[in-house]
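Every number in this text was worked out from the coordinates using simple rules, so none of it is lab data. Everything numeric here is computed off the predicted structure, so don't read it as measured data. Cβ coordinates were reconstructed from backbone atoms using ideal geometry, including for glycine residues, and neighbour counts include every protein chain displayed.
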Amino acid sequence: MAAASMPSGYRLSASIEEAHGHPIYCVAFSPSVHQNDDDGGELKYFATCAGQYVHIYEFAAVSDVNMRQVYCDVDDEEQFYTCAFGGRGIMEGKTISSSNQNKAIYIDGDKECKESETDTIHDLSLRQGPALLCVAGKRGIIKVIDTVLQTVVMTLLGHGDTVNDLKCSPTNDWLLLSASKDHSIRLWNLQYGQMIAIYAGHDGHRGQVLSLSWHYSGTKFASSAFDNTIKLWNVYDNNTTGEAEKKGRIQEAIRRSFEMKPGDKFKTAIEQTPYFSTDSIHELPGCVDCVQFVGDLILSKSVQNVVVLWKPVVTSDDSASFNTLYPNFVNESSKNDFRIPSKVIFLRDFTVNNCDNWFIRFGSPSPYNEVLALGNQKGEIKVWPLMDEDDDNKRVICKLKTGGSTVRMVAIAGNECLVAVCDDSSVWLFEALE
């Protein structure tokens, strides 16, 4: 698949104010695309979450955006912080159905299966409809919504505190990662509602986990947390010696989770040690509230008005490059360095003013990551070319303005559009320019 051309800029095409009055913390695009019965064009979708509400929008063109569904959790104290599309719902070929926009669909997972060891297994493996929508927040409960049936089809229990981020695998959309204030990351099988693995413990995070990012291969992921660290974890163990692929504990647990039968007992795998960990990217005091893989490189953001692009030193080739760049380096950072790699190669940084508040998340569309966009507390958005030949990093593609409230998150859909969500309950859509 060829890379799309990088936009020359963006222009405002629509703005929407949601009626709930809460800050909107997350926006996520659906991978499901459907044909418009009217003109044969493509219909695409994105979701936002704020307070106890989830909104789903449909658009064929960026200037023609329609709200399709509104969900309201029955728990008035719930605060949704994250949403992600993954897995598959019912009714192949169906689009996300429309609800009465003046009336929210109330969601309550209490009637759903919540136990990991049960005689009745939720089996969604035969479903081939639009992607399911997963939402979570303050209560630590992940609710999985079928947007065609307009109901919660599964609740995932396991976290002991707020869930801050959800991410579905780019290579297997039935695999979901969740990051929590309880210092843990959990891997779930959405087909059967099974908790596959827990990433936490001795070498895990020492603060609430704020952000997750899958590697494009689906074999590993990055996490960042309030403890100012960024850690890289394996999901699949790849053997590069040319021999038959060796299966690690997590990989074997994934296989077993897809073979569950009624009455089976499942043992959740525990991973306490990442294959890389560093606290040297961002200054203290601070927290790393957003992280993303860019190929084998990493983008990360803290609360010092900067996003940093860097490379983890994890292979012998990386070490050779590091030693050439930093010949006088003396490792004084961590007593665990002898066991867990922690060296990094800094590549470049992207600065933005008025962005020292935490839980503000940038956007850079995978898999090509040609641009980077980040908002700030003044309602401004800055868009950079990510891999620019301009070494002094002065070039900015464009600067955008919203209504003046804090831009909590920016998401970009390929080379088509950019969506920003804000503390004043507003959603801003910008069309990409050729």
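Values as computed for the structure displayed
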| read-out | value |
| --- | --- |
| Mean Cβ count within 10 Å, highest first, over the residues of peptides 301-309, 17-25 | 301-309, 17-25 |
| Phi-based couplings in Hz for segment 160-167 (Karplus 6.51, -1.76, 1.60; Gly and Pro marked x) | x, 7, 3, 9, 9, 8, 10, 9 |
| Cβ-Cβ FRET estimate between ARG348 and ILE105, R0 fixed at 41 Å, reported to 0.05 | 0.35 |
| Distance from segment 247-316 to segment 190-206 (C-alpha centre basis), Å | 11 |
